[in-house]
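The values are calculated or read from the model by the stated rules, or taken from the named source; none is laboratory data. What you are looking at is a predicted structure, and each value in this text was computed from that prediction instead of being measured. Methodologically, a virtual Cβ is constructed for each residue, glycine included, from the backbone with ideal geometry; neighbour enumeration extends over all protein chains shown.
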Amino acid sequence: MSDPANITLVTMDGTTFTVPSAYLHRSKLVQDWLRSEGDKQAMEVKHVTPFVLQGVLNFCEIHAEDTSEPLADPADPTKPFEADPRDDAFRGMPDDQLLQFTMAADILQIPELVRLTAQEMASRIDGKSPDQIRAMFNPDDLAEEDVDSDNEMGEVGEEGAISK
Amino acid sequence: MIMAQQALDGSDVDYAWTMSPITIQSLPTELLIHVFRLVIPPQDALILLAQVCRRWSYIALDTPDLWRSLTWSNDISPSHTQTGLYQLILHHGQHLSHLSISFTLVAFSTGESPFWVPLRWDTYTWQPFLAHLSNLTILSLNLTNHSRLIYRRKLRPNLFLHFLSLSCPKLVRFSFGDACFETHFTAELFYPDPPTGLPCTVLGPTLPLLAIFLRRLRNLTHLRLIGCESLRNDNTHVFQPALLTTLATELGPRLRDFANYRPESFAAHVTNTIRLDSDADDGGMKAWTAFCDACTGLERWHFGLCESIGDKHMKIWGRKKKVMMREMSLRTATIGGDTWTLTDRGLMEALKACPGLEALKIWRKSGEVHWQATITDRLIAHLPLFCPNLTTIHLWSLTPEPLQLSTLDPLTHLQHLTTLVLCSCPSIPRSSLPSFLLARARHTSSHKPFSLHLRDTDQSDDHRIRTAWSLATDDLADWRRFFDDPRVRLGRFDVKVETWWGVEEEEVVRARFLDLEHAMKDAYGQNVALEVYALGRGRYQQAFVVGHVKVSFWYE
């Protein structure tokens, strides 16, 4: 049985990280796992790379002693987002890394990190044209049929209305 | 820093090759919806996001949750037209919970028509709009520059409210400027009871009809009947006291927010008020009493005061506690009645009933009002006793009489106070301001700075830039002690001197303040954001000068 004070996480390529369980008290996935399968040696986080998991765990370490109420829902409009200078590293990362962290935050169900990365993505999208957004987020991934070349989906018309 | 213990091959992790091919298309739909929701302004961004790819289009346009709120204003974007609004409402109207529409009429550039009216502002255009808004809970409707709108394009109040109350039964908040309507939505239109007993459908909303509309809107808790900006001089509108009876009867304790003027803007020229003495029977006392006794659930009260409201009325207001009250804004307007009888005693009676009050804002604007006895040292001394939770105080006077305040010391007992805005307080010694600010110091932090905004009085030359002069010359040592305190962290230190040159040449007016500029720069260097500017006014008008000082700081 694993040490209850620590938890070991295994990434997609088998890299392991052992951290105090308390670091991950905001991760709903980890908390559920500890309750149901906490007697196992390690928890697999299959879709997360070591690089990203390390970043996520650093975020968790930084915020381990935060006394704020855990966010039940990252989209809760009643709790406005406030930038924390301790998270500047996340705001400065390249677009592709930001995507990976957003995904990892979602997989590990850490609402505070989901909110941080989603807010950063939104601010990068803000004010950009569709072409610029495509260029930002891996345009190769968009299959030809995905790109709306004939304006079928919606277009800002002459008067700014959606043409559909 | 957390590090990996081991990799499969036992070597250090090569982050480059471990980057997985996650792309934007890999993100779950719920996550993309969350990101889309955070982009501002939402509706314009969603229209653009819909053009990125087919999947984003489906998410942006077909996710009801993203279309709960719509703000449509041609001040925000010229593409916000009637056609665009109509299409959005047809497509998303059933999901909309919040709708804010604001239009400023603008000149038409091609000269085909005197003015371009972006929205057909008539009732029958609105009927199909409203029919799609069955889940609407918040509606804000406003029109500025309304004098340019031709009469037949204005809304017919009774008909509009009839459609609204039938189509949008879930409405909780309703705010509209009176210029939207065929005739101004003001007192003279609130006929208490037409002698014939028949509703008046021509002139505007009658009180019997308003009562019916309010009865239909069972969830309504916030009602704002606000005046629109106007450049006219006769800028006061008067509601009949029977409006208060209607509010008491139909809304009563569920009324959370009532405003009869636009509270957001100091610049709004129109103040709607309720003229109690227009009721011949009992001087409006019965209606006022019904309102004060029934509407005990008020949280925000933005109320236009006129001479008809005096100490006796405030005493009635204070008879029943308003424990929910958080913000009280009082704005005076002279309507040509008797002399003011509201004094600091009346105001204290009103405040005594609001122990949870967090924001008190008093705005005196009329040039004819003699209301100088209302805001006094005695009133300020009682604030910490009556309203200990105050965070914001605005005392603003543009009347010929300055506020009769000589000290701010009692306010040091308000532990939560973070914002103090004062205008026309020449009797407060400027040398006492630095010590007042330092007395606030222990209640501040980087998350909770204290802000002081002083606008000097414009009643006499001596007073017009008194605070600015004290910073530069008279009380320099006191201020320097404050600014030089190593624990003081300045968030903002702005000094602005506005001058309007009229009969005097601009250069003459500017030259007068050169000494001030030099002294300020010498004393505070880069710490101060100093702005001295001059604007022209009528060639035969006297020069006009007024100074502003804004300081925001916290203490470490």
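When B:T467 is tested against the conditions (1) crowded, with 20+ Cβ neighbours inside 10 Å; (2) touching a residue at least 60 places away in the same chain (Cβ under 8 Å); (3) farther than 19 Å from B:K521 by Cα, the lone failure is (3).
With within 30 Å of A:A135 (Cβ to Cβ), of a type in the set (D, E), in a helix (DSSP H, G or I) and over 13 Å from the mean Cα position of the chain (by Cα) as the only criterion, which of A:D32, A:D96, A:D106, A:D88 stands out? Just one listed residue meets the conditions, A:D88.
Within region B:497-516, the set of residues being within 27 Å of B:D485 (Cα to Cα) and either surrounded by fewer than 17 Cβ atoms within 10 Å (Cβ to Cβ) or at pLDDT below 80 (or both) comprises just one member, B:D515. Inside region A:46-64, can you point out the residues that are more than 9 Å from chain B (Cβ to nearest Cβ) and not in a helix (DSSP H, G or I)? Hits for region A:46-64 are A:K46, A:H63, A:A64. Considering region B:248-298, the residues that are of a type in the set (D, E) and in a loop (DSSP other than H, G, I, E, B) include one that is modelled with the highest pLDDT, namely B:D282.
Would you check if there is a residue in region A:65-72 being in a helix (DSSP H, G or I) and either at the interface with another protein chain (Cβ under 9 Å from one of its Cβ atoms) or surrounded by 15 or more Cβ atoms within 10 Å (Cβ to Cβ) (or both)? No, the conditions are met nowhere in region A:65-72. Out of A:F51, A:F17, one residue alone is among the aromatic types (F, W, Y), touching a Phe, Trp or Tyr at 6+ places or on another chain (Cβ under 8 Å) and modelled with pLDDT of 80 or more. It is A:F51.
Results for (1) in contact with a Cys (Cβ under 9 Å, 6 or more places away or on another chain); (2) within 19 Å of B:S424 (Cα to Cα); (3) outside any strand (DSSP E or B), shown as yes or no for each residue.
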position: B:T473; (1), (2), (3): no, no, yes
position: B:W479; (1), (2), (3): no, no, yes
position: B:E517; (1), (2), (3): no, no, yes
position: B:A534; (1), (2), (3): no, no, no
position: B:Q541; (1), (2), (3): no, no, yes
position: B:G547; (1), (2), (3): no, yes, no
position: B:K550; (1), (2), (3): no, yes, no
position: B:F553; (1), (2), (3): no, no, no
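Considered as a group, the residues in region B:50-70 that are hydrophobic (A, V, I, L, M, F, W, C) and more than 7 Å from chain A (Cβ to nearest Cβ) include one that is farthest from A:M136 (Cα to Cα), and that residue is B:L70.
Conditions tested, residue by residue: (1) closer than 20 Å to A:L116 by Cα; (2) surrounded by fewer than 16 Cβ atoms within 10 Å (Cβ to Cβ); (3) touching a helix residue (DSSP H, G or I) at 6+ places or on another chain (Cβ under 8 Å).
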position	(1), (2), (3)
A:A22	no, yes, no
A:Q31	no, yes, yes
A:L34	no, no, yes
A:Q41	no, yes, no
A:Q54	yes, no, no
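Contact map, region B:60-85: residues that are buried (at least 18 other Cβ atoms within 10 Å of the Cβ) paired with residues that are assigned to a loop (DSSP other than H, G, I, E, B) and among the hydrophobic types (A, V, I, L, M, F, W, C), Cβ distance under 6 Å, separation 6+ or inter-chain. Pairs shown: B:A60/B:A50; B:L61/B:A50; B:L70/B:L96; B:Q82/B:L119; B:G84/A:A161. Inspection of region B:364-387 finds no residue satisfying the criterion of being farther than 20 Å from B:R345 by Cβ and touching a His at 6+ places or on another chain (Cβ under 6 Å).
Looking for something out of contact with any Lys or Arg (no Cβ under 9 Å at 6 or more places or on another chain), β-branched (V, I, T), crowded, with 16+ Cβ neighbours inside 10 Å and under 18 Å from B:H548 (Cα atoms) - is there at least one such residue anywhere in region B:400-421? Checked region B:400-421: at least one residue is out of contact with any Lys or Arg (no Cβ under 9 Å at 6 or more places or on another chain), β-branched (V, I, T), crowded, with 16+ Cβ neighbours inside 10 Å and under 18 Å from B:H548 (Cα atoms).
Can you find even one residue in region B:305-317 that is closer than 25 Å to B:L420 by Cβ, out of contact with any helix residue (DSSP H, G or I) (no Cβ under 9 Å at 6 or more places or on another chain) and at pLDDT below 90? Let's see the steps before the verdict.
Taking region B:305-317 and keeping what is closer than 25 Å to B:L420 by Cβ, we get B:305, B:314, B:317.
Filter once more, keeping what is out of contact with any helix residue (DSSP H, G or I) (no Cβ under 9 Å at 6 or more places or on another chain): B:305.
Narrowing further to those that are at pLDDT below 90: B:305.
The answer is yes; a qualifying residue exists.
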